[in-house]
Amino acid sequence: MSFFQRMFPVFALISFLLFIGLVWKDYDRPYLEYQRKFKALLDQKSGGSSKPVAFRFGYRQRWIKELSRVDRCETCHLGLDDPRFKDAPQPFTTHPVIAEHAYEKFGCTECHGGQGLATTVEDAHGPTENWNKALYHDNFMENSCSLCHGDYLQAQAPVLFRGQTLFFQYGCRGCHKVEGKARSVTGPPLDGMRKRVQPDWLYRWLMGPRDYWSRTKMPDSKFSPREAADVAAFLLQGPGPEGRVISGNAGAGKTTLLTSRCTSCHTIEGKGGKTGPELSKVGSKAYPQRLFKVVKDPHALWSESKMPIFGFADRDINDIVTFMSQEYKDLDLNESDAARQTKLVASGSKERGKELVIKQGCVGCHSKIRGVKEIGELGPDMSTFGVVHISLLDFGHIKVPFQERTVPNWIYNKIKSPRLFKEGLKMPDYHFNAEETTAITTYVLSLKGKEVPASYTLPLGKGPTDYAPQGAFGKIVDKYRCLVCHKIDGRGGEVANDLSQEGSRVRQAWIKKFMKAPDTIRPMLEERMPAFKILDAEDDAIFAYCRTTLVTDKVEDLAGSVSKMALGDPQLIHDGEKLYFGKYRCNACHQINQKGGIVGPDLTETGKRLRPEWVVYYLHDPKAFVTRSVEPVYALTDKEIEALTAFVLSPKPSVPH
Amino acid sequence: MLLRLGPTLTLFAALSLFFLTATGSSVAVGASSKEGAQPPTFEIPHEPVSKLTASEQRGASLYAYYCAVCHGKNGEGDGFNSSELSTPPAKHDDAAFMSTLSDADIAKVIKGGGPALGRSADMPPWGRVLGDRDVASLVAFIRTLSKK
C-alpha cells in the first residue's frame, strides 16, 4: 500500500472536520455576538418580559441605489434609529442626527467611510491591509458634509469651513489646482525689491519669516544661509531707493499714526489686527522713501493691497514715515550682524538665487519676479485628492503600520511637516498648529470631485457674491477698501457690520459726523474704524448711494405708518421707559448715559443715529438682517413697540447729580 | 512527497512569522533632518480634539456666543457684562446650586427667561432664538460645567 492509500482515512477525517468547521464558522458569524447582546439590551429596555420583543437574527443590508452604496453597518449598529439607545454603548448608540440623515436615504459609508459590505469590525471599520477605505476619524468627519451641502457650511461644519478659509488665505490655491475655484495669488508682487527693503532684512526674512512677524502667512522654505543670500541677491537687482530724503516731525507723526487707528489692521509691539504686516520693526525693514509711497497710495504699488488710501497730506506722511523710521526699529538686531548679513547678500549668486526661486515655486504666491515666468499650479491637482488611492501616496522611508497608513493621516502629516517624507521636497512649511492642520486636512478630504444626485443636494450657507458697486460710490469703496472689513450684498469681510441696509438704518447727519470722526457705538469694542480724510463730495456720494441702493423695502414700507405715530408724546415715552427698565430690562445689555450693560450698542444718541422706521422694524424682528445677532427675541405687542421706539429715540440728557 | 516538502514548509512558515512580527512591531519613526534640533515625526492625529460629546460641543459654542457675556466662559458667573446687572448671573460651575435645578428647569429658564422660574428679567428669553435641540445641547453643556 502506498503512503497515500494508507493515509486516506486520516485525510478523509481532516476534510470532514474542516467541512464541519466551515459550516460552524459560517453559522456563528462574529456579528451574531453583537446581535445577541443587542437583543438582551432590547429586552431590558422594553421592560417586563410579558411579550417577547420581535428581533430577527441575521445580517442586514441596505442598497442605496442613487449613491451606488451597499451598506451592512446596521447588522451590528442596531440602535441607530431607536431613541432609547441614546446612551447605550457602541455599536448600539442612536445616531445623533438621524432625523436629518436617515440611513434609508444615505446609508452609512457615504459620509463615514469604511467598507460597507464587510461584516466584521476590522474589515468594516478598516483599514485592512489591502483595503484602504477606513472610517473617517471624528476629527476629519466634517469633510463629507460638502458632498450634499456645498462649500459654505460655516455654522454646521465649522472645521471644514475653517479648513477651506485657511486653504485660500494661505495661498494653497496658488500652487494646487482645485476644480471650480479660481486661482488667487496671495503674496505681494516682488518687483523693484532693491528700492523697497534693506538687504539684511530680506536675508533674515528668507531665513525665518516668523521671526520678524509671528503671524505672517509667508511659509518657511528652510533655506540654508547660503541659499537665502543667493535668493536675496537675485531679488535685489536693479536700482536702489530713489527720491528725496524724508524728513518730518516725528512727534506729530506719532500722533497721526496712533489717531488714525493703524493698529486696527497692523500689529505694533504684539498688539493689533492681523490684516496688515507687523509695524514695530518696519524701520529696520523698509526704506523711508518706500514707506512714503505705501502710505500715500498703496494701490499703485499693489492693486490687491488691503490698505486704504487715507488721504493724508504729504506733510503728514513725512511725519509718519519719520516717526516709523526712527522709532520702529528692530531692537534685537545688532549692527555687526546686520553688516555681516548685508555682505553675505552682496556676495550671493544671482543665478543660483534665480534657480532656487524657480525651484521653490515662489510664483505660487508672488507675481512680478524679474525674469521668472508666472506659471501657477506647480503642485499636484487637489480636485479629487480626497479620494486618492493610498498606493499613490509616498510615505518615503517612514515606516507606518498599515493601521495608520491612511489617506487622512498622510495628508495631515504632509501639511504639518511638508518635507517629512523625503528630503528636497518643494512644499514650504507653514507652521500650522494641530487645529489648523486638522481643518485643512478636512477640507482636502472634502475634495472628492464627485457629484451626488440632485435629490441629495441641499446647499447650506451663502458663498460670497460678486457685488462690485459702480460710479462714485464704487470709487469710494475701492479707495478706502471698505469691503476688507464690511460686507455689502454678500461680499466683503466679517470684521465690521454689514452695510447692505445702511440707508434704511441711519440718518444722513449721523453718517456725515461718523465718517469725519468715527467712534464706536459699542462700549465693548475698541475703536477700529480708521479716520479717513473723507472729502465732502465723497460724503454726499456715500449718502446718495445709501439712500438709493442700500435700502430695504421691509423698512421703507413702514415709513408711512411710523410717521403717524406720536413718538414725541411724553406719555408714550414714559410708557416706553417703564418697559425698557422694567418688564424687558433692556438695560441689562444696553447703556444709556454710561449706565447699563455693555453687550449691545449704546443707546444714548439713538435719536440722532437711527431712523424711526428702522427701530420699529428691528423690534418686530431683530433677526431679520443679522441672523446671528445676540439680541433676544421678545413677543412685543405693537403698542409696546411704539412705546419702546418713542423712548429709545427720545433725547436723553444726562441727569446731573 | 509531502514529507520531503516538510523542512521547506517549516522554513517558510518560520520566515513569514519572523517578517510578520518584524513589520508588525515597527513603530512610526521620524525622518532625519539636517536642521537637527527637533526632527519632524509622523504624527497619528487620533486624539479627539474635544472631550465633549457632539451635543455638548454644540452647546459649548452656543454658550460662548449667547451666555458667556454674563455667565462667564466657564460658568463662573463672571462674564464681562455681569457687573452691570442688578441680579448677579447664575453660577453654572456651582455644583451645589446646579443640583437644585432639574434639566427641565434649566431649559425653561433658557427658553422663557428669568421670570419663567420667578427670577430676574435680566436673564432674557431665548425660546424664539434657539430651537429645542439647541436648548437641549445647551443644557447638556451647562451640566458639564459643574462636573469638574
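The values are calculated or read from the model by the stated rules, or taken from the named source; none is laboratory data. Everything quoted here is computed from the prediction, not taken from an experiment. Because the Cβ atoms are built from the backbone with ideal geometry, glycine has one as well, and the counts that use them run over all protein chains shown.
Could we say that A:F85 is touching a helix residue (DSSP H, G or I) at 6+ places or on another chain (Cβ under 7 Å) and at pLDDT below 90 here? Here the answer is no, as A:F85 does not meet what is asked.
If you go through the range A:62-112 and keep only what is out of contact with any Gly (no Cβ under 7 Å at 6 or more places or on another chain) and of a type in the set (S, T, Y), you end up with A:S68, A:T75, A:Y103. For the range B:28-38, the criterion of a residue being facing another protein chain (nearest Cβ under 8 Å) and at pLDDT 50 or above is satisfied by no position. The residue that is modelled with the lowest pLDDT, counting only those in the range A:405-431 that are more than 25 Å from A:N132 (Cα to Cα) and facing chain B (nearest Cβ under 10 Å), is A:E423. Restricted to helices (runs of 4 or more DSSP H) entirely inside the range A:116-222, those with at least 2 residues that are within 14 Å of another protein chain (Cβ to nearest Cβ) are A:158-169.
Looking only at the range B:94-104, residues that are in contact with a helix residue (DSSP H, G or I) (Cβ under 6 Å, 6 or more places away or on another chain) and either over 18 Å from B:E56 (Cβ atoms) or more than 14 Å from chain A (Cβ to nearest Cβ) (or both) come to 0 in all. The set of residues from the range A:570-619 being at the interface with chain B (Cβ under 9 Å from one of its Cβ atoms) and not in a helix (DSSP H, G or I) comprises A:Y584, A:R585, A:C589, A:Q591, A:K595, A:G596, A:G597, A:I598, A:V599. What residue, among those in the range B:65-77 that are surrounded by 18 or more Cβ atoms within 10 Å (Cβ to Cβ) and either β-branched (V, I, T) or within 14 Å of chain A (Cβ to nearest Cβ) (or both), is farthest from B:P124 (Cα to Cα)? Going through the qualifying residues, I end up with B:G72. The set of residues from the range B:129-138 being under 16 Å from B:Y65 (Cβ atoms) and in contact with a helix residue (DSSP H, G or I) (Cβ under 9 Å, 6 or more places away or on another chain) comprises B:V129, B:L130, B:R133, B:D134, B:V135, B:S137, B:L138. Evaluating A:S367 against the criteria (1) in contact (Cβ under 8 Å) with a residue 60 or more places away in the chain; (2) over 30 Å from A:P239 (Cβ atoms) leaves one unmet condition, (2). Pairs linking a residue in the range B:116-136 that is more than 12 Å from chain A (Cβ to nearest Cβ) to a residue that is among the aliphatic types (A, V, I, L, M), with Cβ atoms under 6 Å and 6 or more positions apart or on different chains, are B:A116/B:V109; B:L117/B:V109; B:V135/B:A107; B:V135/B:I110.
Yes or no, residue by residue, for (1) out of contact with any helix residue (DSSP H, G or I) (no Cβ under 9 Å at 6 or more places or on another chain); (2) in a loop (DSSP other than H, G, I, E, B); (3) at pLDDT 95 or above:
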| residue | (1), (2), (3) |
| --- | --- |
| A:G276 | no, yes, no |
| A:V345 | no, no, no |
| A:S367 | yes, yes, no |
| A:R370 | no, yes, no |
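Listed here are the residues, each with its yes/no results for (1) buried (at least 18 other Cβ atoms within 10 Å of the Cβ); (2) at pLDDT below 95; (3) not assigned by TED's automatic domain parsing to the domain that holds A:E227.
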| site | (1), (2), (3) |
| --- | --- |
| A:T109 | yes, yes, yes |
| A:A118 | yes, yes, yes |
| A:T128 | no, yes, yes |
| A:G150 | no, yes, yes |
| A:Q156 | no, yes, yes |
| A:F167 | yes, no, yes |
| A:L206 | yes, no, no |
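Residue-wise test of (1) assigned by TED's automatic domain parsing to the domain that holds A:R215; (2) within 30 Å of A:P225 (Cα to Cα); (3) of a type in the set (G, A, S).
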residue	(1), (2), (3)
A:I246	yes, no, no
A:C265	yes, no, no
A:Q289	yes, yes, no
A:I309	yes, no, no
A:D316	yes, no, no
A:L331	yes, yes, no
A:T342	yes, yes, no
A:S347	yes, yes, yes
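Can you find a residue in the range A:293-303 that is touching a residue at least 12 places away in the same chain (Cβ under 8 Å) and polar (S, T, N, Q)? Looking for residues that are touching a residue at least 12 places away in the same chain (Cβ under 8 Å) and polar (S, T, N, Q), one finds none in the range A:293-303, hence no.
For (1) buried (at least 21 other Cβ atoms within 10 Å of the Cβ); (2) assigned to a helix (DSSP H, G or I); (3) small (G, A, S), each residue gets a yes or a no:
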site: A:E355; (1), (2), (3): no, yes, no
site: A:E374; (1), (2), (3): no, no, no
site: A:E377; (1), (2), (3): no, no, no
site: A:G396; (1), (2), (3): no, no, yes
site: A:K399; (1), (2), (3): no, no, no
site: A:E423; (1), (2), (3): no, no, no
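Screening the range A:602-627 for residues that are within 22 Å of B:D122 (Cβ to Cβ) and of a type outside the set (D, E) and picking the one that is farthest from the chain's Cα centre (by Cα) gives A:T604. Looking across A:A624, A:A635, one residue alone is of a type outside the set (K, R), within 14 Å of chain B (Cβ to nearest Cβ) and free of Cβ contacts under 8 Å to residues at least 40 places away in the same chain. It is A:A635. For the range A:401-412, taking the residues that are without any contact (Cβ under 8 Å) to a residue 40 or more places away in the chain and farther than 20 Å from A:M427 by Cβ, the one that is surrounded by the fewest Cβ atoms within 10 Å (Cβ to Cβ) is identified as A:P401. Scanning the range A:251-265 for residues that are surrounded by 18 or more Cβ atoms within 10 Å (Cβ to Cβ), touching a residue at least 40 places away in the same chain (Cβ under 8 Å) and not in a loop (DSSP other than H, G, I, E, B) gives A:G253, A:T256, A:L257, A:C262, A:S264. Within the span defined as the range A:43-55, every residue fails to be modelled with pLDDT of 90 or more and outside any helix (DSSP H, G or I). Of all residues in the range A:379-394, those satisfying the criterion of being within 24 Å of A:G171 (Cβ to Cβ), assigned to a loop (DSSP other than H, G, I, E, B) and more than 14 Å from chain B (Cβ to nearest Cβ) are A:G379, A:P380, A:D381, A:M382, A:S383, A:T384, A:V388. Filtering B:G75, B:G113, B:G59 for residues that are on the phi > 0 side of the Ramachandran plot and either among the charged types (D, E, K, R) or touching a helix residue (DSSP H, G or I) at 6+ places or on another chain (Cβ under 7 Å) (or both) leaves a single hit, B:G75. For the range A:449-486, the tally of residues that are buried (at least 17 other Cβ atoms within 10 Å of the Cβ) and either touching a strand residue (DSSP E or B) at 6+ places or on another chain (Cβ under 6 Å) or in a loop (DSSP other than H, G, I, E, B) (or both) stands at 5. Number of residues in the range A:225-266 that are of a type outside the set (G, A, S) and within 22 Å of A:Q326 (Cα to Cα) equals 17. Exactly one residue out of A:L67, A:L78 is crowded, with 17+ Cβ neighbours inside 10 Å, at pLDDT 85 or above and under 34 Å from the mean Cα position of the chain (by Cα), and it is A:L67. Filtering A:R56, A:R84 for residues that are away from every other protein chain (no Cβ under 14 Å), surrounded by 10 or more Cβ atoms within 10 Å (Cβ to Cβ) and not hydrophobic (A, V, I, L, M, F, W, C) leaves a single hit, A:R84.
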